[in-house]
Structures are given as structure tokens and as C-alpha cells.
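Enquirer: What follows is a structure written as C-alpha cells; I'll ask about it next.
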Amino acid sequence: MGLHERDLQTVNKRLPLKDAHEKVTGVHEFPYDFTVPGMLYGRILRSPHAHAQIRRIDVSKAEALPGVIAVITHKDVPAEEWIGLWTNYRGCVMDDKVRFVGDEVAAVAAIDIRTADRALELIKVEYDILPHVLDAREAMKPGAPQVKTSGNNSKDVVLVKWGDVEQGFREADVVVEGATLNNAQDQATFSRNSPIASWADNDTKLTLWSGCTAPSELKDAVANLVKLPKSSVRIVALPTGPSLGKWWFNNLEMMTVYLAKKAHRPVKIVLRQDEVFAGIKRRHIEYTTGRLGVMKDGTMVSMEVNDIFDNGAYGDKNDIFQSLSELWPRVNHGYFEMYGVSTNLVTAGCMRGVGDLTMNFALEVLIHKAAEKIDMDPVELRRINAAKAGDPCRGQDIHHELFGSHLPYPEKVVISSCAMDECLTKGVEEFGWKRRWGGWSSTNKSSGPVKRGVGMATAMHVCGIRYTGDCGAIVKVNADGSANLMVSLGRQGNGNDSTQCQIAAEELGIPYDMISIDCNDTNVTPWGQGSTASTSTYLSGTATREAARDAKRKILKLAESKLDESADNLDIKDGVIFSKTHHNKRIPITRVLEDKIPDFWELAKQPCIVGSTVTNVPDDQIPKHVAAHFVELEVDTDTGEIRLLDYLQVQDSGRLINPEVCENQLNGGYYQGVGFTLIEELVHDDMGRILNPNFAHYKIFRCGDLPDPKIHFIEQDDPVGPFGAKGLGEAPICVPPGAIALAIYNATGVWMTETPFTPERVLKALGKI
Amino acid sequence: MKKSNKIVVSLNVNGLTYEVLAEPHAKLLEVLRENVGLKGVKSGCEEGECGACAILLDGEPVTSCMMLAGAAVGKEIVTIEGLAKGGKLHPLQEAFMKYHGMQCGYCTPGAIIAAKGLLDKNPNPTDQEVRDGFSGNLCRCGSYPKMVKSVLEAAKVING
Ligand code: FES
Ligand code: FES
């Protein structure tokens with residue numbers, strides 16, 4: 001049934017967040033606010049060197065300090081490495097080497113933070129300094145310093161290819177080339193995750209409270225490392241505050257686990273703001289080159305992107321490629337290669353829009369350049385070539401190879417839906433593109449120093465990936481017709497807990513305020529992907545809907561005898577079971593779940609109905625979310641400053657579950673994406689030290705720094721997503737650099753290719769300095 | 001054992017007087033959170049940049065991480081916990097809920113406090129004045145557009 005025919009009660013509605021009241025009253029408890037009885041405070045001693053061997057480490061003075069309960073070094077943790085499913089970390093908790101400035105060397109648990117800090121000063125470490133390497137391209141060369149314990153600095157190449165690109169370039173009327181460099185963006189979060197670990201029952205049980213976004217994945221990693229049954233390791237994912245990937249989970253949690261073990265007391269490790277910037281995880285630095293061949297009529301024929309990205313010290317990714325080729329599946333020849341390379345910089349890993357933000361920027365500039373060469377409107381060139389539903393989805397096989405090679409691979413894998421064409425049409429119309437875009441020769445000729453320009457760009461991102469595990473969900477319907485939903489999401493604050501409640505309530509036919517969710521406790525929820533990779537609405541949402549459907553089936557079965565109808569002919573709406581054909585046949589859910597004895601106790605016949613599922617989504621129809629952005633800006637060619645005047649986003653995320661939540665996500669992607677493009681950069685010196693680990697020197701946009709974006713959605717049902725919904729959160733951050741680069745070119749005639757486009761880089765590009 | 005050099009600090013918080021024992025150099029943020037137990041005052045950067053720790057001091061929004069507790073003696077402190085009266089939320093809190101003036105919620109208590117400071121002085125602010133009022137509050141989630149809307153809507157309610 002198409003959605004428009006269905007009368008939706010909770011899906012597609014602007015409902016309040018489930019935890020809104022907690023948030024506005026200040027009782028929403030983040031890890032920093034959370035305590036457990038008997039808890040100690042932990043602090044971490046970090047390396048002052050980018051690469052060094054620890055020759056000797058003496059903790060005796062620290063241990064002797066009154067108030068210190070435990071000190072751990074690499075001698076107190078397993079000699080084996082641990083690795084996360086999403087390869088954001090591979091390494092030991094600590095070993096006898098340090099690999100970046102800020103690497104963990106030791107940790108202290110004490111009765112308070114001040115005592116722990118004093119103890120850190122008493123730890124004596126002797127280092128043998130080793131040569132270090134900070135640049136991924138250098139680290140790939142033979143003879144470069146070895147960063148990881150084993151394996152080359154450069155991971156095996158990941159390739160997505162089809163056709164023959166060289167042949168394609170020979171056939172093309174026009175071939176353009178380009179290179180981009182993306183410096184390191186930080187998640188720049190002021191929520192300082194402070195995990196708390198507590199061991200019990202003679203070290204056979206472990207509870208870990210942490211602001212992590214992938215609790216099930218963390219449980220697996222911890223259980224593997226501490227060698228306990230998964231049933232004995234409990235992760236409680238506390239609200240993360242702004243995460244953007246930073247708090248997915250990190251070695252920080254493992255440090256806490258081992259410090260608590262040695263202390264025989266619960267321990268909470270507390271971070272300073274500079275450690276959050278320079279000691280955890282950031283976005284990759286990426287060097288991207290590419291070529292694009294097009295015909296004069298605008299057909300793209302050959303597309304090549306080569307990407308080298310740094311994993312920092314402990315990142316271990318080579319599959320940051322997410323959707324780049326999928327937006328252009330009609331191109332006859334494609335070649336995309338990626339190298340993840342270890343360096344002696346702070347670890348790099350998943351950050352909102354990983355891969356598709358950075359590589360997409362390179363590709364979008366190529367598309368702009370090709371459009372100019374054939375003198376075509378950049379919107380038009382994209383419209384001619386962009387993906388449509390049913391087009392091949394080629395990047396899927398690398399995920400299959402990495403995570404699911406034991407599973408059969410479908411013969412044909414296609415994109416389930418893609419409204420890029422409609423996004424472009426809507427954007428052109430709402431932005432007034434035709435009026436504002438004066439053609440390629442229109443470079444601003446105003447005589448003053450301030451030049452105006454307009455630009456646009458596109459992007460696509462995944463809605464989770466296949467082969468990384470099936471998600472479970474449980475829906476428990478109580479005797480009074482209310483329900484509890486259990487699905488693993490973590491609490492990232494992106495509204496997905498509310499979204500899941502809307503999906504379950506809609507499927508079950510009960511009001512939104514009759515449903516509660518537990519999404520953060522691994523003892524309660526089945527395994528799930530968590531809030532990662534724009535996954536939760538689609539993957540978890542599919543599980544949630546399936547579990548709700550299962551519960552509903554059971555309720556309708558019970559109702560059969562009461563209504564003298566077969567369950568197939570019954571449905572539930574607003575808590576009332578009704579016959580689809582006999583309108584007078586209706587009873588509230590409570591009638592089948594409980595029987596009341598007047599003035600006495602509620603005797604529940606079926607005190608609880610449980611619906612559950614462990615499910616996955618199709619492996620041959622892959623939803624992707626896409627966006628087209630339009631911008632007008634001013635460049636001050638004297639100062640190099642860029643001022644955004646107008647910004648418009650159009651996105652296809654299928655049917656929206658909660659438009660308020662969705663708009664907020666697009667607002668966030670905009671602020672962070674424009675930040676990436678214009679101002680955000682972690683700066684390091686030759687020794688690998690981060691020079692700006694604070695908000696005074698790492699600037700993010702404040703309210704009023706940018707015009708509010710105008711937001712439009714193309715709401716078309718995706719055929720496989722729950723109620724037609726797809727992922728949403730990451731495409732919006734991927735588009736700004738491409739759109740802003742075109743607008744700057746339109747204003748000044750120069751291409752910016754290194755992010756962020758700081759005034760200094762703009763002036764350099766203009767040849768003024 | 002070293003003799004404690006703690007001092008007694010008397011603070012007026014949300015209309016009540018608290019006497020707490022604190023180090024002379026203790027920050028107001030720490031004392032409000034740890035001694036008074038008001039954890040709605042969020043600890044963010046602790047460097048005066050993010051505004052998560054904002055409170056009203058004699059009606060002015062200030063970052064409590066940058067102030068010594070002793071400097072607040074004799075002044076009226078209002079934290080996010082002091083906004084609801086008798087279980088009834090302040091119109092700003094209602095508006096933030098209704099218009100989704102938040103995502104993760106980390107900046108929210110500080111942002112609502114800043115907005116209260118503004119509306120108490122300027123009950124009918126312009127869009128630009130609301131934005132200026134948030135100049136000390138970072139929202140990494142980028143919820144600014146709906147934060148501004150929430151304040152403007154709350155102002156309408158307050159002004160009847
Ligand atoms: S915590 Fe006070 S300004 Fe950030
Ligand atoms: S809502 Fe997350 S920081 Fe503002």
C-alpha cells in the first residue's frame with residue numbers, strides 16, 4: 001500500500017522528543033554527570049612524543065601518594081590487540097610504544113581528580129625517541145617509520161571499478177583533472193565522555209556506563225578482550241552530547257575497564273577539553289586526485305578517484321568509501337581506489353559523512369570543471385547523469401568482501417530509490433537558480449573588492465551497510481495497552497529514540513505517548529548497529545517495525561474470538577481493535593489483554609504480549625539518501641573572507657518519520673559542513689603536537705555566524721525502508737564544500753582545493769599573498 | 001595530614017541559601033554541581049568558550065566555569081533547575097520542547113538560561129537580538145535555527 005493512501009497517526013508527524021522534558025529541565029544525565037557509589041576518579045598520562053619506545057616506567061611514587069588506589073601501565077593490560085567492528089581502532093589498550101602525542105601511557109585511579117592529577121606528575125617515564133611520520137603519503141613510502149605493531153603502514157587498497165577508465169578517457173570529448181586536500185576536522189565536542197567501569201562478583205561481571213553510540217559493538221569488543229561471556233558484560237550507553245562520531249567508542253573505555261579492575265572499585269575516567277581534541281579521534285586528512293571524462297552532450301563516460309587518507313595512530317580503516325560511485329552509476333567506466341595509511345598523529349576514524357564528505361568534494365569540483373569545459377549548467381550535467389531507482393549499486397561488494405564474504409552475494413544489487421532529479425528540480429525552482437546563475441562566463445566583474453557568486457553541489461550517503469550483523473527489537477505490550485520498545489541505539493541525541501517510537505506506535509496502532517523506549521542497555525536490548533552510518537531509521541527501524549508487527553499479530557489472534565473475525569480482517573488504530581469490513585466491530589486493546597473485576601484489582605489475562613524479531617534488510621535493494629545544495633556568497637578579495645548570504649538544501653530521505661527531527665539534522669549538517677569547508681582545522685606542528693586543542697583556537701560557528709538554511713524534502717516512499725523512510729543524517733554534511741567551491745569560483749575565477757578555505761588560503765589562491 | 005584550608009561559602013541559589021565548604025579557588029561550576037548537587041549546570045569546555053555552564057548571576061548570564069564560587073557570595077544565582085515553578089515549566093522550556101530547540105541537549109540548559117537572561121530584560125526581542133543573546137552558547141549539533149524560533153515563540157507566550 002502506498003503511504004499516501006494510508007492514514008498515518010504517528011509517522012510523519014511533528015511530535016516532541018521523548019526525552020525533551022529531561023533536556024530542558026537539566027536532569028538529562030550525561031556521563032560527566034553520572035556517578036555510582038564508591039566511585040573513584042581516573043586520569044590518563046599521555047605521551048609527549050609522536051613515536052617512542054618506553055624504556056622504563058616507574059609508578060612507585062604515584063602509587064605511594066595518599067588517596068591513590070591504582071595505577072596501570074602497559075604491564076596491566078592484555079598483550080593482544082583489540083579491534084572494533086568498524087575498524088576505528090586496532091591496537092593494544094597500551095603497549096611499550098607510544099605512537100602519537102597524546103597516546104595513553106598510564107592511568108591513575110584516586111579518591112578525587114586533584115589527587116589523580118598530582119599522581120600523574122609523579123610517574124617517571126623514560127623514552128627512546130623513534131623517528132615519526134605525520135604525512136600519509138610519506139608513510140606509504142618504503143623505509144618510512146613503522147607505525148603499527150604489524151603490517152604495512154598502508155592498508156591493502158580498496159577498489160570499486162567497472163568498465164575500463166583509460167578506454168573511457170580516450171572516448172571522452174573532454175577530460176578534466178584535479179586534486180584536493182582536506183585537512184583534519186575535529187568533532188569539536190564539549191561533552192567530555194567519562195566512562196565508568198565497575199567489576200563485580202570476583203571479576204566475573206562487568207558494567208560499563210559510557211556515552212557511546214554503538215553499545216552492542218562495544219559489548220562485543222569488551223567481552224572479547226576481557227574474556228567474559230557476553231551475558232556478563234553490560235554496557236549502558238549514556239547520552240553522548242554532541243558526538244559526530246567522536247564517542248562511537250574508543251580505547252578510552254578499555255582504559256577505564258582495566259583501571260577499575262586493578263582498583264577493585266568503580267572508576268570514572270575524566271578528560272580535559274584538550275584531551276577530547278587531541279587524544280581521542282578526529283576526521284581523516286585526505287589527499288584526493290581524480291579525472292572525469294565527459295561527452296559534449298553532457299554524458300559522463302569515465303570517472304576516476306584516487307584517495308589516500310591517514311588513519312592516524314590507531315585507526316584501521318580502508319573502506320571509508322561509502323557511496324561515491326553510486327550517485328553516478330550510469331557512467332560507463334569507473335575506478336575508485338582508496339588507501340588507509342597509519343601515521344603518528346592522533347587516531348582518525350569515523351566522523352559524520354566519512355569518505356563521502358572528502359572524496360565527494362574532489363569529485364564535485366571535477367564535475368563543475370567538466371561542466372565549464374562543455375559550457376553546460378552544472379545542474380544540468382548532474383541531472384543527465386545522476387542515479388535513479390534500479391541503477392546498479394556497485395560499492396556494495398566491498399562491504400560484502402570485508403564483512404560478509406561467507407554469505408551469498410546477490411546477482412543484481414540496485415539502488416532502491418533516488419530522487420536526485422526531483423531534488424535538483426526543486427532546488428532550481430526554490431533557489432531561483434536560473435535567475436541567479438549567469439553562466440560560466442559570469443565571473444563577478446564588479447570593480448569593488450567584494451565579489452558575489454552562486455554555487456551548487458550534490459552528494460549521496462549510505463543508510464547503514466549490509467553484512468555487519470542483523471538487528472533485533474522487542475516490543476512488549478502491557479495489559480493497559482501501553483508498550484515498551486527495546487532496540488539498541490545508544491543515546492546520541494539525534495532523535496532516533498523518538499523516531500523508533502513513532503515507527504512502533506504506528507505499526508502497533510497505539511498513541512505515541514503510550515510507548516516508551518529502552519535503547520541503551522545491552523542487558524535489555526537485543527544486538528543492534530547503534531547510531532552509526534545513518535543506520536538507525538532504516539536498519540533498526542525495520543527491526544522495530546517487524547517486532548511491533550509481531551506483537552500486533554499476537555493481539556489480533558487473541559481478538560479473533562472476541563470479535564468473531566479472523567485476525568487477517570482486523571487492525572488496530574489508536575488503541576482500538578477494529579474489523580476492516582464491519583465497522584461496528586471494535587474493542588479497545590485492553591479488552592483482550594486484561595479483565596477487570598470491579599472495585600478490585602486488575603486481573604490481566606495476558607499481562608504481557610511480546611513481539612520480537614532479529615532481522616535484516618534486503619541485500620539486493622540498497623537505499624541511499626541524497627542531497628542537492630545551493631548557495632550564494634560574497635568573497636572579500638582584499639581580506640580573503642567569505643560570507644554566506646543564502647543557503648538552500650533539498651534532500652531525499654524517503655518518507656520523513658518526524659519532520660522536526662529531520663530539519664534539525666539538516667541544520668546540523670549545514671553548520672558542521674560549512675565549518676569543515678571554511679574554518680575548522682586541527683593544526684599540528686612538526687612533532688605531531690596538536691596546536692589548537694580548545695575552542696579559543698579551534699573555532700566552530702556560533703549562532704548568527706551563518707544565515708539559517710532553507711530546507712526542503714522530496715518525500716517519496718522508499719520501497720524497502722520502514723514506512724518508506726531512509727537514512728538522513730550524513731548527506732547534509734557532505735555537500736557544502738563542493739557548493740561553496742563553485743560559488744567562490746563563480747565570484748572570483750579561482751578554484752579552492754584545500755579545506756578549510758581560510759582567508760589565508762583564499763588570498764593565496766587569488767595570488768595576493 | 002595537611003590541614004584543610006577550605007572556606008565556608010554561602011550561596012543564594014534558586015531562592016535558597018546553601019552553606020558549603022569549598023577550596024578557596026573552587027570554581028562556581030564545581031560547587032554548584034558537586035556541593036549543591038545541581039547537575040543541570042553542564043560542565044563543557046571549562047574554558048569559558050561553550051556556555052554549557054551558564055547561570056544567571058543577578059540576572060546576567062555568566063559562565064560559571066570561569067568564576068570563583070566566592071565571587072558569587074551575596075548575589076542571586078539562578079540555574080536551569082530554578083526555572084520551573086511548582087512543577088510548571090517556564091514558557092522557554094515549553095517552547096524548546098515544542099519547537100525542537102535542541103538535539104543532543106548538552107547546550108540546552110545553558111542556552112535556555114541565556115535566553116531567560118535576554119527575555120527578562122528584553123521581553124520582545126528581534127530575531128537578531130535573540131541570535132546575539134546566544135553569542136556565548138555553542139551548539140555543536142547546529143540546532144541554532146530552532147533555538148531562535150523557540151525563544152521567539154516563548155516571547156509571544158510571555159507577552160500574552
Ligand atoms: S563549561 Fe563553561 S564555558 Fe564551557
Ligand atoms: S543540541 Fe547538541 S550541542 Fe546543542
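The values are calculated or read from the model by the stated rules, or taken from the named source; none is laboratory data. All of these numbers come straight from a predicted model, not from anything done at the bench. Neighbour counts run over all protein chains shown; Cβ positions are idealised from the backbone, glycine included. Protein only, heavy atoms only, side chains kept; ligands, DNA and RNA dropped before computing areas. Shrake-Rupley method; radii C 1.70, N 1.55, O 1.52, S 1.80 Å.
Enquirer: Any idea which of B:R131, B:R140 is among the charged types (D, E, K, R) and either within 16 Å of ligand 1 (Cβ to nearest atom) or at positive phi (or both)? Give the derivation first.
Expert: Values: B:R131 fails: either within 16 Å of ligand 1 (Cβ to nearest atom) or at positive phi (or both).
Among B:R131, B:R140, only B:R140 is among the charged types (D, E, K, R) and either within 16 Å of ligand 1 (Cβ to nearest atom) or at positive phi (or both).
Enquirer: Scan B:P109, B:P145 and give me the residue that is open to solvent by less than 10 Å² (accessible area, probe 1.4 Å), of a type outside the set (D, E) and at the interface with chain A (Cβ under 7 Å from one of its Cβ atoms). Before you say what the answer is, go through the steps one by one.
Expert: Values: B:P145 fails: open to solvent by less than 10 Å² (accessible area, probe 1.4 Å).
Exactly one residue qualifies, and that residue is B:P109.
Enquirer: Which residue pairs have Cβ atoms under 9 Å apart, sit 6 or more places apart or on different chains, and have a first residue in segment A:266-278 that is away from chain B (no Cβ under 13 Å) and under 21 Å from A:L691 (Cα atoms) and a second that is at pLDDT below 95 and surrounded by fewer than 24 Cβ atoms within 10 Å (Cβ to Cβ)?
Expert: From residues that are away from chain B (no Cβ under 13 Å) and under 21 Å from A:L691 (Cα atoms), there are no pairs.
Enquirer: Residue by residue through segment B:25-64, note down the ones that are near ligand 1 (Cβ under 6 Å from one of its atoms), in contact with a helix residue (DSSP H, G or I) (Cβ under 6 Å, 6 or more places away or on another chain), more than 7 Å from chain A (Cβ to nearest Cβ) and open to solvent by 10 Å² or more (accessible area, probe 1.4 Å).
Expert: B:G48
Enquirer: If I go through segment A:638-683 residue by residue, how many of them are away from chain B (no Cβ under 13 Å), small (G, A, S) and within 30 Å of A:R452 (Cβ to Cβ)?
Expert: Residues flagged as away from chain B (no Cβ under 13 Å), small (G, A, S) and within 30 Å of A:R452 (Cβ to Cβ) within segment A:638-683 amount to 1.
Enquirer: With a cut-off of at least 1 residues that are within 14 Å of chain B (Cβ to nearest Cβ), name the strands (runs of 3 or more DSSP E) lying wholly within segment A:1-84. Give the derivation first.
Expert: Numbers: elements: A:40-46, A:52-58, A:68-72.
Once the strands (runs of 3 or more DSSP E) in segment A:1-84 are filtered for at least 1 residues that are within 14 Å of chain B (Cβ to nearest Cβ), what remains is A:40-46.
Enquirer: Ok, one more. Give the number of residues within segment A:70-96 that are in contact with a His (Cβ under 8 Å, 6 or more places away or on another chain) and open to solvent by 50 Å² or more (accessible area, probe 1.4 Å).
Expert: Qualifying residue count, segment A:70-96: 1.
Enquirer: Next up: Could you pull out every one of the strands (runs of 3 or more DSSP E) wholly within segment A:445-547 that has 2 or more residues that are in contact with a Leu (Cβ under 7 Å, 6 or more places away or on another chain)? Break it down stepwise before answering.
Expert: Working: elements: A:450-462, A:471-478, A:483-486, A:515-518.
So the answer is A:450-462, A:471-478, A:515-518.
Enquirer: Still on this structure, please answer the following. Is it the case that B:A54 is touching a residue at least 60 places away in the same chain (Cβ under 8 Å), out of contact with any Phe, Trp or Tyr (no Cβ under 8 Å at 6 or more places or on another chain) and closer than 30 Å to A:N692 by Cβ? Quick ask: steps written out before the conclusion?
Expert: Details: touching a residue at least 60 places away in the same chain (Cβ under 8 Å): yes; out of contact with any Phe, Trp or Tyr (no Cβ under 8 Å at 6 or more places or on another chain): yes; closer than 30 Å to A:N692 by Cβ: yes.
Spelling it out, B:A54 is indeed touching a residue at least 60 places away in the same chain (Cβ under 8 Å), out of contact with any Phe, Trp or Tyr (no Cβ under 8 Å at 6 or more places or on another chain) and closer than 30 Å to A:N692 by Cβ.
Enquirer: If you don't mind, there's one more thing I want to ask. Among (1) touching a Lys or Arg at 6+ places or on another chain (Cβ under 9 Å); (2) part of a helix (DSSP H, G or I); (3) facing another protein chain (nearest Cβ under 7 Å), where does B:S150 come up short?
Expert: (3)
Enquirer: Restricting attention to segment A:643-685, and to residues there that are assigned to a helix (DSSP H, G or I) and of a type in the set (V, I, T), which single residue is surrounded by the fewest Cβ atoms within 10 Å (Cβ to Cβ)?
Expert: The first filter runs over segment A:643-685 and keeps only residues assigned to a helix (DSSP H, G or I), leaving A:659-678.
Remaining after also requiring of a type in the set (V, I, T): A:661, A:674, A:677.
Working: A:V661: 23, A:V674: 29, A:T677: 28.
So the residue we want is A:V661.
Enquirer: Condition first: under 12 Å from the mean Cα position of the chain (by Cα) and aliphatic (A, V, I, L, M). Can you find one or more residues in segment B:13-26 that meet it? Write out each step before concluding.
Expert: Within segment B:13-26, the subset under 12 Å from the mean Cα position of the chain (by Cα) is B:13-14.
Keeping just the survivors that are aliphatic (A, V, I, L, M) gives B:13.
Among the residues of segment B:13-26, at least one is under 12 Å from the mean Cα position of the chain (by Cα) and aliphatic (A, V, I, L, M), which makes the answer yes.
Enquirer: Wholly within segment A:142-227, which strands (runs of 3 or more DSSP E) include no fewer than the required count, namely at least 1 residues that are surrounded by 22 or more Cβ atoms within 10 Å (Cβ to Cβ) and either away from ligand 2 (no atom under 16 Å from the Cβ) or of a type outside the set (V, I, T) (or both)?
Expert: On the way: elements: A:158-162, A:174-182, A:196-200, A:205-210.
By residue number, A:174-182, A:196-200, A:205-210.
Enquirer: Taking the conditions exactly as written (more than 15 Å from ligand 1 (Cβ to nearest atom), within 7 Å of another protein chain (Cβ to nearest Cβ), surrounded by 19 or more Cβ atoms within 10 Å (Cβ to Cβ) and closer than 25 Å to A:F30 by Cα), does B:H100 satisfy them or not? Talk me through it step by step, then tell me what you get.
Expert: Values: more than 15 Å from ligand 1 (Cβ to nearest atom): yes; within 7 Å of another protein chain (Cβ to nearest Cβ): yes; surrounded by 19 or more Cβ atoms within 10 Å (Cβ to Cβ): yes; closer than 25 Å to A:F30 by Cα: yes.
The answer is yes for B:H100.
Enquirer: If you scan segment A:50-69, which residues turn out to be open to solvent by less than 50 Å² (accessible area, probe 1.4 Å) and in contact with a Phe, Trp or Tyr (Cβ under 9 Å, 6 or more places away or on another chain)?
Expert: A:A50, A:H51, A:A52, A:I54
Enquirer: Given the criterion within 14 Å of another protein chain (Cβ to nearest Cβ) and not polar (S, T, N, Q), identify the matching residue among A:A188, A:A260. Give the derivation first.
Expert: Values: A:A260 fails: within 14 Å of another protein chain (Cβ to nearest Cβ).
That would be A:A188, the only listed residue that is within 14 Å of another protein chain (Cβ to nearest Cβ) and not polar (S, T, N, Q).
Enquirer: Could you identify the single residue in A:A20, A:A52 that is over 15 Å from A:L120 (Cα atoms) and in contact with a helix residue (DSSP H, G or I) (Cβ under 8 Å, 6 or more places away or on another chain)?
Expert: Numbers: A:A52 fails: in contact with a helix residue (DSSP H, G or I) (Cβ under 8 Å, 6 or more places away or on another chain).
Of the residues listed, the single one that is over 15 Å from A:L120 (Cα atoms) and in contact with a helix residue (DSSP H, G or I) (Cβ under 8 Å, 6 or more places away or on another chain) is A:A20.
Enquirer: Separate question: Could you pull out the residue among A:I733, A:I700, A:I740 that is under 18 Å from A:E286 (Cβ atoms) and within 20 Å of the chain's Cα centre (by Cα)?
Expert: A:I733
Enquirer: For segment A:243-256, indicate whether the set of residues that are crowded, with 21+ Cβ neighbours inside 10 Å and over 20 Å from A:T532 (Cβ atoms) is non-empty. So that I can check it myself, show each step before the final result.
Expert: From segment A:243-256, those crowded, with 21+ Cβ neighbours inside 10 Å are A:243-256; that's our starting set.
Checking the rest, the ones that are also over 20 Å from A:T532 (Cβ atoms) come to A:255-256.
Yes, the conditions are met somewhere in segment A:243-256.
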